[in-house]
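For reference, the structure discussed in these notes is given below.
The values are calculated or read from the model by the stated rules, or taken from the named source; none is laboratory data. Keep in mind it's a predicted model, so treat the numbers as computed, not measured. All Cβ positions, glycine included, derive from the backbone under ideal geometry; neighbour counts span all protein chains shown.
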Amino acid sequence: MRKAIDIHCHFNKFDTMPDRYTVHLIGNQFPFAEKHLTETCIKNKSLVNHILFKSVPVISKKFKYLDRLINSLRVGNFWGKDGVLHTLVSHGEYMIRRDYMAAKHGSKRHDVVAYTPLMMDFITAGNIEELRREHGAMPFLLQVYEHAVMSRYYPWQVFPFFHFHPEREGVVSLMKQAVEEQGFVGIKIYPAMGFYPDPADPRHTDEKVRKNLVALYGYIREMAGKGIILPITTHAQYSATQAVDLEMHETREFTDIANWKRVVRDYDLKINFGHYGGMDFLRDPNDPKHERAREFSLACREHIQGLMRELNNGKKRVFADCSAHSPMDDNSEAYIRQVDLDLRDEKLLLMYGTDLPVVTVNTLNNDYIRAYDSGITGEKAKDRFFMSNALAFLFEDGKIPRLRTDFLKQAYGGNGVGPDPADVSKVSWVKPDGQGGFRVDPKYL
Ligand SMILES: [Zn+2]
């Protein structure tokens, strides 16, 4: 059974995002539906299903699991033990259990041993300071709490990343609390929502954003001094669904990987460029419609690979995940061939990721893993891609950070829920380090 780590996914349902964003997201995926959908009707699942399925008769063929995706994003029991996330962690698919049983075909040949859910902060998507239930969204603090609960419930399978949006009031102390007390192991940053990641960038116009970024990197440096490396995942491809308030040319400007170069070097950041620049570099060079997307995607990859070749010298610092590519896509085979070629260069630290729940629209995670598994040649390259690069990204030198194990021990002291985190006998990649802590099994490093 192929073991895999999903380094890029999201624990999001409709209640986690403002209705305005949901309309935008569905519109991005299915442009024909956008004109029929409103923020009011998005609250009504049967109406959404009705519009999506009745307006274009072929949709259920093209988007095989769309109905299941919508079910799983609406269902009340999402975070709980028998909810969607339980099916995800135990079976690898983003579905409610009933839908999973119905969709299952063949036997499961893959085992996703760990997930890294990246939080999403919709602060600008809602255009309001603090989103609340009446805006159709779950408050940010509740989202943090639910991620912490999941990570405690699945001590060696769920490793959340805190979304650091520099416009959020109090974001620095929220981040410190998430890392030091709530089991978060990394930071998610999404510059495409309207800021430059480098605080020294002269284009900054908002002093609060600049100050918060200084505090973020200062904290990362301070923690590194204590032996705790906080990895960052950022968005790195042409499309930017979370950037609901911006035009495409603006999101391109903020996403530009060149914006990261100085800050990655100066702060010795450990960083994952999500989506590895995207698949658009494969578009037809003679098609003027896609010229910008193609050029942007190519430039992203060049910058990412340049940083990898420069900084992954002895140390492992710059990574990229190959998420959000469906095996149903026309360019998928060519993309996986390219990933296979890139993996031959050991400085190009590529990782498996899905961007679930987004890819659930037309394929199962099982098929997604299988496509990469059959396209990548050689056991060593597969091991790096599916497991060891992700473990090296999450855990410096294989050490599970003390803060994380303290969080688990505390959570389980007395009234904790779920299995004892000290019992790692069933976890294939974790070993006790002999000093009361835990480490990655050296065979994966
Ligand atoms: Zn994502």
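Of the residues making up segment 420-440, those that are assigned to a loop (DSSP other than H, G, I, E, B) and surrounded by 14 or more Cβ atoms within 10 Å (Cβ to Cβ) number 8. Within the span defined as segment 373-388, every residue fails to be at pLDDT below 95 and within 16 Å of the ligand (Cβ to nearest atom).
With the requirement that a residue be more than 12 Å from the ligand (Cβ to nearest atom) and in a strand (DSSP E or B), what does segment 228-240 give you? Quick ask: steps written out before the conclusion?
Initially, segment 228-240 is screened for residues more than 12 Å from the ligand (Cβ to nearest atom), giving 228-232, 238.
Ile232, the sole residue that qualifies.
Okay, residues lined up against (1) over 28 Å from Ser72 (Cα atoms); (2) surrounded by fewer than 19 Cβ atoms within 10 Å (Cβ to Cβ):
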| site | (1), (2) |
| --- | --- |
| Ser323 | no, no |
| Met351 | no, no |
| Ile376 | yes, no |
| Ala381 | yes, yes |
| Ala392 | yes, no |
| Asp397 | yes, yes |
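Taken together, the residues in segment 201-242 that are crowded, with 21+ Cβ neighbours inside 10 Å and aromatic (Phe, Trp, Tyr) amount to 1. Only one of the numbered conditions (1) more than 16 Å from the ligand (Cβ to nearest atom); (2) part of a loop (DSSP other than H, G, I, E, B); (3) within 25 Å of His165 (Cβ to Cβ); (4) modelled with pLDDT of 80 or more is not met by Glu130, and that is (4).
When segment 1-16 is filtered for residues that are of a type in the set (A, V, I, L, M, F, W, C) and within 11 Å of the ligand (Cβ to nearest atom), the ones remaining, listed by number, are Ile7, Cys9.
Residues in segment 169-188 that are more than 19 Å from Gln410 (Cβ to Cβ) and among the acidic types (Asp, Glu): 1 in all. Only a single item in (1) loosely packed, with under 15 Cβ neighbours inside 10 Å; (2) touching an Asp or Glu at 6+ places or on another chain (Cβ under 7 Å); (3) not in a loop (DSSP other than H, G, I, E, B) is not met by Asp406, and it is number (2). Pairing each residue of segment 107-125 that is modelled with pLDDT of 95 or more with any residue that is of a type in the set (Ser, Thr, Tyr) and within 14 Å of the ligand (Cβ to nearest atom), provided the two are 6+ apart or on different chains, yields C-beta distances under 8 Å for Thr116/Thr233; Leu118/Thr233.
All of Val84, Val75, Val23 fail the test of being under 24 Å from Met120 (Cβ atoms), modelled with pLDDT of 90 or more and either more than 16 Å from the ligand (Cβ to nearest atom) or surrounded by 17 or more Cβ atoms within 10 Å (Cβ to Cβ) (or both), apart from Val84.
To keep it simple, each residue is scored yes or no on (1) crowded, with 16+ Cβ neighbours inside 10 Å; (2) touching a residue at least 60 places away in the same chain (Cβ under 8 Å); (3) touching a strand residue (DSSP E or B) at 6+ places or on another chain (Cβ under 9 Å); (4) among the aromatic types (Phe, Trp, Tyr).
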position	(1), (2), (3), (4)
Tyr267	yes, no, no, yes
Asp284	no, no, no, no
Pro288	no, no, no, no
Ala299	yes, no, no, no
